[in-house]
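Remarks on the structure that follows.
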Amino acid sequence: MTAHGREAASADGGRSAEEERAAEEERAVDQALALVGHKARARHRPPEGPGETPPKPTPSSPVSPPSPVSPPSPVSPPSPSSSAAAADSASAGPESRPEPGLTPSSPARSAPTPGAATPSSPAPVVPPLAAPASTADSASSRPHGASSADRPASSPHAHRTGATAWHAARALAERLGRAAPLAAHRLPLDRALGHVLAEAVVALTDLPSFDTSAMDGWAVAGPGPWTVKEGEGLLAGRGPTEPLPDGQALRIATGARLPADATAVIRSEHAHCDEARRLLYAGREVVQGQDIRPRGQECRSGDELLPAGTVVTPPVLGLAAAAGYDALLAVPRPRVDVLVLGDELLTAGLPHDGLIRDALGPMLAPWLRALGAEVSEPRRLGDEAGALRHALVSSDADLILTTGGTAAGPVDHVHPVLAEIGADLLVDGVAVRPGHPMLLARLAEGGPCLVGLPGNPLAAVSGLLTLAEPLLRGIAGRPAQDRYRAPVRQEVHGHPHDTRLIPVVHREDSVVPLHYNGPAMLRGIAAADGLAVVPPGGVRSGTEVEILDLPWASASPWTEGRFT
């Protein structure tokens, strides 16, 4: 088979596999959400006042009601009998892991042991920069992680039985957010920035609402030369004037209302006025309607200017004001509480005596704001289970983010506390590296969601983009960015069974993987403008992969040689 034929066959197979995976993920999401039976949060009041209506439901966001025979269960530690199943499932590929909402007894296809060579998995030759990230993020969620050798291989959290496929986890998080949207409120323009439109912006008037001059110059009627009409001319903001007789010209300013019967505007630099004879001559051909903004050129009254779901940006505010709006019906920004766990964290100074600097507290709040959330000052709770429990049950945020404590170490309290307060655990581990031990939970009926991030910095970034970003997008009603793919410039190792997220930088028509991409490192992501989604097994140079853009991608003036 020729190279072209191989590529075509590969493309056809990729399309069918992509469709099959999408169908499986959709079923997994529906099953997981059906177990929870989410309801809208009662504490968010519907809009009040004349003309205020709640946002229209998104057609793609309905959630199936819970089955009467399968009520949601609170978090509970795995039983001894499930540990063997956990080990079996961990050794299998992502396709054989139980879908969210299925029992551990669900049939699963067998798969080779991780790392074992298979005929379909030739050993790739990869440059050092693309070496696989450390698996420490799956062994512990403590900051900067510990080696997997530090924990027994049989630990129930080392490889979670229910680890969710990466795409399925993102889809579940977004659907969860859209199942309980925030109530819309009418906000004045000066407070609407960053919110999401809950209803379409419809033109309240024609734009422009009358014929106006697009240039400083002369309003003329009929063919020239034209007799200059006496007077100060026409200025912006003045009311209607007398019609302009045929063969006459009158001074006019940009934005001024055009007199009736005027046929064109001649720019000042294109006209010559004979003061003595009071005649105006055109320096070039005059076309009827030139340099006139006719009424309704931009829109007519009743035209939809912006659809519901649009993020309110500065230009949106300007357009709304031009269209006659004083306020907009918008969804408030989701409120997020950030809880930083770990006794070993310093807030200032150099690391010393086993203590390390907290990298997540300073990073997460501005990152979440860039995603459109309102974020409280990060709270540092240390490793106190009681303090964590109190923070969870007393929070009135829409989303709680915790950092660290999601594994099963002696001071990893997130799982036990969630079990104690009866939370619904929807995602307990995601098949992604770094960031495998992330989790997603719903604290109580009508209560906030919780995303548990691993403590390693890049693993936490992975959890932020995998679970928190789509969840916030769903709560706020923001549209998803168009998914796109780009070829990688170099061969990239993948995990045997899990998706891998690699910091990359765009270079012309491809992306370049960056160094320093271990779970405890931030140097690579600090230089990146995106993350490449590398499927299990890795990709060869030139292969197109999905790219997750970072919010500040256009503001990264890094050069290729510094971090690649």
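The values are calculated or read from the model by the stated rules, or taken from the named source; none is laboratory data. Predicted, not measured: the structure shown is a model, and the values here were computed from it. Here the Cβ positions follow ideal geometry from the backbone for every residue, glycine too, while neighbour counts run over all protein chains shown. Areas reflect the complete protein model, heavy atoms only, side chains present, ligands, DNA and RNA absent. Shrake-Rupley method; radii C 1.70, N 1.55, O 1.52, S 1.80 Å.
What residue, of GLY446, GLY455, is in contact (Cβ under 8 Å) with a residue 40 or more places away in the chain and crowded, with 24+ Cβ neighbours inside 10 Å?
Only one candidate qualifies: GLY455.
Would you please name the residue that is modelled with the lowest pLDDT, looking only at residues in the range 345-368 that are touching a strand residue (DSSP E or B) at 6+ places or on another chain (Cβ under 6 Å) and under 21 Å from GLY463 (Cα atoms)?
ASP358
Looking only at the range 218-245, how many residues end up being under 17 Å from GLN290 (Cβ atoms) and assigned to a loop (DSSP other than H, G, I, E, B)?
6
Being in contact (Cβ under 8 Å) with a residue 24 or more places away in the chain and part of a helix (DSSP H, G or I) is the filter here; which residues of the range 317-348 pass it?
Passing the criteria: LEU317, LEU319, ALA320, ALA321, ALA322.
Are any of the residues in the range 291-301 of a type in the set (Asp, Glu), under 30 Å from GLY372 (Cα atoms) and in a loop (DSSP other than H, G, I, E, B)?
yes
Can you pull out the residues in the range 459-513 that are buried (at least 18 other Cβ atoms within 10 Å of the Cβ), of a type in the set (D, E, K, R) and touching a Ser or Thr at 6+ places or on another chain (Cβ under 6 Å)?
Selection gives ARG489 alone.
Suppose we filter the range 238-270 for residues that are open to solvent by 30 Å² or more (accessible area, probe 1.4 Å), over 53 Å from the mean Cα position of the chain (by Cα) and under 16 Å from VAL228 (Cβ atoms); how many remain?
Matching residues across the range 238-270 total 4.
If the requirement is being surrounded by fewer than 16 Cβ atoms within 10 Å (Cβ to Cβ) and in contact with a helix residue (DSSP H, G or I) (Cβ under 6 Å, 6 or more places away or on another chain), which of these qualifies: ARG277, ARG284?
Answer to the selection: ARG284.
For the range 458-481, does any single residue satisfy the condition of being free of Cβ contacts under 8 Å to residues at least 24 places away in the same chain and either in contact with a His (Cβ under 8 Å, 6 or more places away or on another chain) or closer than 15 Å to ILE547 by Cβ (or both)?
Filtering the range 458-481 down to residues free of Cβ contacts under 8 Å to residues at least 24 places away in the same chain leaves none.
Checked against the condition, which is being free of Cβ contacts under 8 Å to residues at least 24 places away in the same chain and either in contact with a His (Cβ under 8 Å, 6 or more places away or on another chain) or closer than 15 Å to ILE547 by Cβ (or both), the range 458-481 yields no hits at all.
So that you can scan it fast, the table gives a plain yes or no per residue for (1) open to solvent by less than 60 Å² (accessible area, probe 1.4 Å); (2) under 21 Å from GLU242 (Cβ atoms); (3) of a type in the set (A, V, I, L, M):
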residue	(1), (2), (3)
ARG186	no, no, no
ALA192	yes, no, yes
ALA200	yes, no, yes
ASP211	no, yes, no
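Given the criteria in contact with a helix residue (DSSP H, G or I) (Cβ under 6 Å, 6 or more places away or on another chain) and closer than 15 Å to LEU319 by Cα, does LEU189 qualify?
Taking the combined requirement at face value, the residue satisfies it.
Which of the residues spanning the range 430-443 are open to solvent by less than 10 Å² (accessible area, probe 1.4 Å) and in a strand (DSSP E or B)?
Correct list: VAL430, ALA431, VAL432, LEU439, LEU440, ALA441, ARG442.
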